[in-house]
Amino acid sequence: MEIRETTIPNCYEITPRILKDSRGCFVKTFHQEVFKQHQLETTFTEEYYSISYQNVLRGLHFQLPPHEHTKMVYCVQGQVMDAVVDLRVGSPTYGKFETFDLSAEKANIIYVPPGLAHGFYVLSETAIMLYKVSTVYAAEYDTGIHWHSVGIPWQALDPIISERDKSFQDFSNFQSPFIYRN
């Protein structure tokens, strides 16, 4: 398992070892001791997945304090363009984004620390995204910023988006409660 820090502090791209043979493949997505060695979260309280169709954009989502969480996301079927945005005041990358190509074939994982917004755009016919989170979902603390408000080069001008995601405020109007702690 390779763990590489991205340009955004405390956000990592994890590349697991893929064991392939004539039956298919086997991928280990989490190893508690390896995560501990890298000082990463090891307690995940919920896990869920989404099934989305081509041209769907979900995001940019996060949970507010005191229910903020670390999130691990990966694509178990298909391919997506994944994105994170740093919302932590005082971070050297505050307001900046990074994108990733996630796919079942690559089996790569994005480790998203608290204070980052997350979203993705589906490139394949269908994509199944799996999420592990370190806090239980709290609807009243779950929110986001508008998908086009930070300049992410999404691969569609008119993606399929939920009414909720369309209603999120622009990043420029967002008063962040997140503080960067180095």
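The values are calculated or read from the model by the stated rules, or taken from the named source; none is laboratory data. Computed from a prediction, not measured in an experiment: that's the story for all the values here. Counting neighbours? That spans all protein chains shown, and the Cβs are built from the backbone with ideal geometry, glycine included. Ligands, DNA and RNA are stripped out before the accessible areas are found, and what is left, the full protein with its side chains, is counted by its heavy atoms. Shrake-Rupley method; radii C 1.70, N 1.55, O 1.52, S 1.80 Å.
Only residues in segment 83-100 that are over 23 Å from residue 122 (Cα atoms) count as the first member; pair them with residues that are open to solvent by less than 10 Å² (accessible area, probe 1.4 Å) and in a strand (DSSP E or B), Cβ under 6 angstrom, at least 6 apart or cross-chain, and list the lot.
87/117; 93/86; 94/86
Mind checking which residues of segment 68-91 are assigned to a strand (DSSP E or B), closer than 17 Å to residue 29 by Cβ, among the β-branched types (Val, Ile, Thr) and open to solvent by less than 20 Å² (accessible area, probe 1.4 Å)?
Within segment 68-91, 73, 80 qualify.
Residue 94 is checked against (1) open to solvent by less than 20 Å² (accessible area, probe 1.4 Å); (2) closer than 20 Å to residue 7 by Cα; (3) not hydrophobic (A, V, I, L, M, F, W, C) and fails just one. What number does that condition carry?
The single condition residue 94 does not satisfy is (1).
Looking at segment 3-21, which of the residues that are modelled with pLDDT of 95 or more and open to solvent by 60 Å² or more (accessible area, probe 1.4 Å) is farthest from residue 104 (Cα to Cα)?
Among those residues, the one meeting the criterion is 7.
Going residue by residue through segment 24-34, is there one that turns out to be within 17 Å of residue 135 (Cβ to Cβ), loosely packed, with under 14 Cβ neighbours inside 10 Å, out of contact with any Leu (no Cβ under 9 Å at 6 or more places or on another chain) and polar (S, T, N, Q)?
No: zero hits.
Considering only residues that are touching a helix residue (DSSP H, G or I) at 6+ places or on another chain (Cβ under 6 Å) and either β-branched (Val, Ile, Thr) or open to solvent by 80 Å² or more (accessible area, probe 1.4 Å) (or both), which ones fall in segment 127-168? Walk me through it before giving the result.
Applying the first criterion (touching a helix residue (DSSP H, G or I) at 6+ places or on another chain (Cβ under 6 Å)) to segment 127-168 yields 145, 149-150.
Passing the criteria: 145, 150.
Please return the ranges of strands (runs of 3 or more DSSP E) entirely within segment 1-67 where 1 or more residues are among the basic types (Lys, Arg).
2-5, 18-21, 57-63
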